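Written below as structure tokens is the structure these notes are about.
Any read-out appearing in this document is the output of simple, stated calculations on the displayed coordinates, not a laboratory observation. Keep in mind that what you see is a predicted model, and the values were worked out from it rather than measured. Every residue, glycine as well, gets a Cβ built from its backbone with ideal geometry; the counts of neighbours run over all protein chains shown.
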Amino acid sequence: MKLTQGSIVITSFPFADKKGQKLRPAPVVSNSNFNKNSSDIWITVITSQSKYSKHKLPILPSHLTEGKLLKESYIKCTSLTYIAKNLIEKQVAKVSRNKMEEVLKEVAKILDPTND
């Protein structure tokens, strides 16, 4: 499976309290060069929970260049993690370049030490 930035994969994702996990969609945020040369990838989580969060971005059908999501969904930019590629069940969709740029800008804001 060729994983590129913006690929939406299905993987087992831990709950924030680490007391369980479930299969959920996750966009790949690491770049294609990293993905090609590493046994891991960087992802964030997609949720159907619409509760407002400053770092949660809606993902609409128009934001996908391939595939679809089953529910109205949001990308949680605060749930950044890395996983081994062999934990990926399958790829189900692909996020547009413009939406991925928005996601990466939001992640950069979270990590920026001057953004206090």
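One table, with the values for the structure above:
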read-out: Low-density loop cleavage sites - chymotrypsin sites (Phe, Trp or Tyr not before Pro) in the range 49-88, where at most 11 other Cβ are within 10 Å (DSSP); value: Y52
read-out: Positive dipole terminus of the chain, leading residue within N115, L70, I59 (C-beta point charges); value: L70
read-out: Neighbour net charge for S38 - beta-carbon separation under 14 angstrom, K R +1, D E -1; value: +2
read-out: Expected 222 nm ellipticity per residue - DSSP helices of 4 or more, -39500 (n - 2.57), all of the chain, to 500; value: -5500 deg cm²/dmol
read-out: Exposed trypsin sites (Lys or Arg not before Pro) absent: longest stretch of the chain, with sites in DSSP loops and at most 12 other Cβ within 10 Å deemed exposed; value: 72-116
read-out: Qualifying GluC sites (Glu not before Pro) in the range 57-116, DSSP loop, other Cβ atoms within 10 Å at most 15; value: E72
read-out: Contact order relative to length of the range 5-98, as percent, for alpha carbon pairs under 8 angstrom and 6 or more apart; value: 35
read-out: Which label in [x] 13.4, 39; [y] 12.9, 36; [z] 19.7, 68 gives the computed Rg and Dmax of the Cα atoms in Å; value: [x]
read-out: Around T65: net Lys/Arg minus Asp/Glu count, Cβ-Cβ under 14 Å; value: +2
